[in-house]
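> This is the structure I want to talk about, given as structure tokens.
Coordinate-derived values only; no laboratory data. Bear in mind the structure is a predicted one, so any value in this text is a computation, not a measurement. Quick reminder, even Gly has a Cβ in these numbers, built from the backbone with ideal geometry, and neighbours come from all protein chains shown.
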Amino acid sequence: MRKLIERQRNILDFTLSSLLRRKGKNSALLLVYTGTIFILASVLFLTGALRREAALVLEAAPDIVVQRTMAGRYQPIPLAYAEEIGRIRGVASVWPRLWGYHYDAAFRANYTLMAQVESPPERGTIRIGSGISRMRGARRGDIIALPGHDGQSRSFTVGQVLDHRSQLLSSDLMLLSEKDYRDFSGFPTDRATDLAVRVRNPREQSTVAEKISRMYPDTRPIMRTEILRTYDAVFGWRSGVVMLSFCGAALAFGIFAWDKATGLSAEERKEIGILKAVGWETSDILLMKGWEGMVISLTAFLGGILLAYAHVFLASSILFAPVLKGWSILYPEFRLSPLLDVGQLATLFFLTVVPYTVTTIVPSWRIATVDPDSVMR
């Protein structure tokens, strides 16, 4: 066992010295290799972390959201629907929600307006998200003027800037009282944007949603699980777009790595011939080339993973966040909680490290089986 360890150590020492002799070529390969893994790992880390954040946000969401549609378009839902839905067996509570969007032409930004039901702000007072506060330079006590549905300007006093820890939800959010919201938007008093439904037994959510559809055919009940699947699909599609945009770079790396691994240089062929001549066995040469591939690929893999981790979880993913977060210019500034998926790391490892290591061994075996004298000549 001791001899085996000593043999491996000597071969590894020789491999490292051999890599240092060709440090220019190997450094270029290592740089491209690390950059490719960095891009792939960054997208995987960011997508996984955003999916986790979305799941945590939706934990407090209602079990079912009931929307009214007409010709495929969302319409305000009558408040009378809430009374009938509340009588369905298994429904714990139903409450109307008032929310919508407002485009600010001066700042070219869309705001999310919502009437706060619990602990609403006073009339003429508004609570704003940190993104709005940052963009407009508005602080507590400042006045914000917004044009209403009739073109008349309404002035609101900033009563609170929402906690920065909730930026994923509230970066572009404005909270008003119900009366201020209806006055500002012109929303009918007997209508709501949608209805939120809480179901006692989670296993009965689909049954309750089906009953609501039968009771009111013009409604569309949306369960929380469906919203979560939509987020997964959106983040998966956007991460695919990012990865697709780097396919050219990944293909160039694949060609570069394959050329390096399969096309041994004259210096490397001569080195293998000399090693065979001085007594190295074919297995020793293959072991040396295997170590060489592992050293380069593992270094690139670990370097790319560490850089991707720092980029996503420490630098807030400044390169890819605008693509994956969405279209709004009021991007929430928040630090994602570290999330490492072992399955994703293993897949990335086997797709990047293993193929390169294998391709370094095959051409070396072909040269190592040839007569040393003919190789050196």
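> For Cα pairs less than 8 Å apart in space and 6+ apart in sequence, what is the mean separation divided by the residue count of segment 1-114, i.e. the relative contact order in percent?
Relative contact order for segment 1-114 comes out at 9 percent.
> Using modelled amide H (1.01 Å from N, peptide plane; none on Pro or chain starts), what sits under 5 Å from the amide H of SER93, excluding residues fewer than 5 places away?
For SER93, the qualifying residues are ARG198.
> Moving on to the next point. How do the peptides 222-228, 53-59 rank, highest first, by the average count of neighbouring beta carbon atoms within 10 Å per residue?
Ranking, from highest mean packing down: 222-228, 53-59.
> Peptides 289-298, 345-354, 15-24, 188-197: what's the order by average Cβ count within 10 Å, highest mean first?
Taking the mean over residues of other Cβ atoms within 10 Å, the ranking is 289-298, 188-197, 345-354, 15-24.
> Give, in nm to one decimal, the length gained when the segment between THR189 and GLU210 is fully stretched (0.36 nm per residue of separation minus the Cα-Cα distance).
Value of the extension gain: 4.8 nm.
> Now, a different point. Sorted from largest to smallest, which semi-axis lengths in Å does the alpha carbon gyration tensor of segment 71-174 give for its equivalent ellipsoid, taking the root of 5 times each eigenvalue?
Working from the Cα gyration tensor, I get semi-axes of 29, 17, 14 Å.
> Where does each of 170-181, 60-71 land if you order them by average Cβ count within 10 Å, highest first?
Result, highest mean Cβ count within 10 Å first: 170-181, 60-71.
> Give me SER155, SER42 ranked fewest to most by other Cβ atoms within 10 Å of their Cβ, as a rough exposure proxy.
Result, fewest neighbours first: SER155, SER42.
> Full-extension gain between GLU6 and ASP104, please, as 0.36 nm times their residue separation minus the C-alpha to C-alpha distance.
That pair, GLU6 and ASP104, stretches by 28.1 nm at full extension.
> Here is a follow-up. With θ taken as phi - 60° and the coefficients 6.51, -1.76 and 1.60, list the Karplus ³J(HN,Hα) couplings across segment 212-229 in order, rounded to whole Hz; mark glycine and proline as x.
5, 5, 6, 5, 10, x, 8, 9, 10, x, 10, 7, 4, 5, 5, 4, 5, 5
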